[in-house]
1. Between the range 203-223 and the range 54-93, how far is it from one alpha carbon centroid to the other, in angstrom?
2. For each pair in LYS11/LYS248; LYS35/LYS210; LYS164/LYS248; LYS49/LYS206, compute the distance between the two Cα atoms and list the pairs where it is over 25 Å.
3. If one computes P(r) from the Cα atoms of the range 185-339, what percent of pairs lie at distances over 26 Å?
4. With a point put 7 Å past each Cα toward its Cβ, work out how far GLN188 is from GLN371 in nm, to one decimal.
5. Mind checking the per residue accessible area of the chain for me, 1.4 Å probe, whole number of Å²?
6. Can you tell me, using C-alpha contacts under 8 Å and at least 6 residues apart, the relative contact order of the range 205-337 as a whole percent?
7. Note the angle between two axes, namely the Cα long axis of helix 212-222 and the longest principal axis of the Cα atoms of the chain, as a number of degrees from 0 to 90, rounded to the nearest 10.
8. Take every Cα-Cα distance within the chain, group them into 10 Å bins from 0 onward, and report for each bin the whole-number percent of pairs it holds.
Amino acid sequence: NKGKYEHYMQKEIHEQPESLTTTMRGRLIRGGSCKAKSVLLGGLKDHLKTIRRSRRIVFIGCGTSYNAALAARPILEELSGIPVTMEVASDLLDRQGPIYREDTAVFVSQSGETADTLQALEYALENGALCVGITNTVGSAIARNTHCGVHINAGCEIGVASTKAYTSQIVVMAMLALAIGDDTISSQARREAIIDGLFDLPGKVKEVLKLDQEMKDLAKLLIAEQSLLVFGRGYNYATALEGALKVKEVALMHSEGILAGEMKHGPLALVDETLPIVVIATRDACFSKQQSVIQQLHARKGRLIVMCTEGDAASVCVGGSSRVIEVPRVEDCLQPVINIVPLQLLAYHLTVLRGYNVDQPRNLAKSVTTQ
Ligand code: UD1
Ligand code: M6R
């Protein structure tokens, strides 16, 4: 049931304030006079000690689920102090990469049925790793076959392009980082700030959804383009990859997410006056580096669309020529949840304007159960 919406993708984008609320329901503890703010993940509480003792945490997934894990990687590294590595499920299988008993392998999948991820799970089980699932589907193969896990509770997602599951996955993995780091006194203030940020997040997502018309106007400008680049780094490298994946899979436009730190190692050669480039430059520890990326792209006459924090337009607009998307600021590690929303809206409107099927892009299936 699409309710007042024309497409499931549109409905699922706009329902994110509610889906995020459901994801967090009963899992955030407000704290009080004698109790610290904390998170409670029922499915993991008996396994946290084992996870904290592991030598490495390996995220395994495909497509959007991989990107969500990539977005959560920095905060998990920071709060756990454990090395976190990333594996695209098919690539891990192709390489038969090493997985050890001392590893915690985290399988991220909306459907819980993706063939590559499921096969990687069998492989990790054979190798003796602790296997944790993060899925949206109760009773799915990944939920059943992992040792423990967390349901993201985002509600049924119908559009082939994953949107609300992505933001809920990031929130669950941020909560996972908080739960693992819970025994560390030195990071308590940081953790409490993130928990406060989680409480405020649905409201901030509601605010960023007000950019709908602005993104539709931007889509009109980009309707006939061949290609779109998205530059990000740090917490928002994942936003660049995920924004590009959305544009590619539904609007059928070539799009590439680029790690801004790699710009001079190749991508800069593509920059000219015609190719549109989205640069994500919201406030975090990488902001000044992104300002310099903007300057260098501008010096090559790049056609820039800069995503920045509200009130920052003047600090990111060199020469006043770029278009700006201003988004509300949240805690740095949660910013990817906000920043992906305008790009989801852009991909959606581009698709409708270009006359393609939003909910069933050609050649794709919601759940990829064959290899
Ligand atoms: C659970 C209940 C929820 C109830 C809550 C109250 C279920 C599915 N969830 O939620 O309805 O309101 O207690 O305390 O009944 N798991 C895996 N792999 C996965 C995902 C989950 O093994 O990929 C396991 C977990 O380890 C856990 C169980 O499935 O044992 C349920 O997980 P989850 O729904 O996340 O747990 P709660 O949030 O505690
Ligand atoms: O169900 P899963 O999360 O395991 O699916 C993984 C990918 O197939 C999926 O995210 C795919 O990339 C989506 N179409 C992206 O929108």
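1. If we compute the Cα centre of each part, the gap is 30 Å.
2. Details: LYS11/LYS248 20 Å; LYS35/LYS210 37 Å; LYS164/LYS248 18 Å; LYS49/LYS206 36 Å.
In this structure, LYS35/LYS210; LYS49/LYS206 lie more than 25 Å apart at Cα.
3. Percentage above 26 Å: 25.
4. 4.8 nm
5. For the chain, the solvent-accessible area averages 41 Å² per residue.
6. Rounded, it is 22 percent for the range 205-337.
7. Roughly 60 degrees, rounded to the nearest 10.
8. All Cα pairs, binned at 10 Å, distribute as 5, 25, 34, 25, 10, 1 percent.
The values are calculated or read from the model by the stated rules, or taken from the named source; none is laboratory data. A quick note: this is a predicted structure, and the numbers were derived from the prediction, not measured. When we count neighbours, we look across all protein chains shown, and the Cβ atoms used for this are built from the backbone with ideal geometry, even at glycine. Side chains are part of the model used for accessible areas, which takes the heavy atoms of the whole protein and leaves out ligands, DNA and RNA. Shrake-Rupley method; radii C 1.70, N 1.55, O 1.52, S 1.80 Å.
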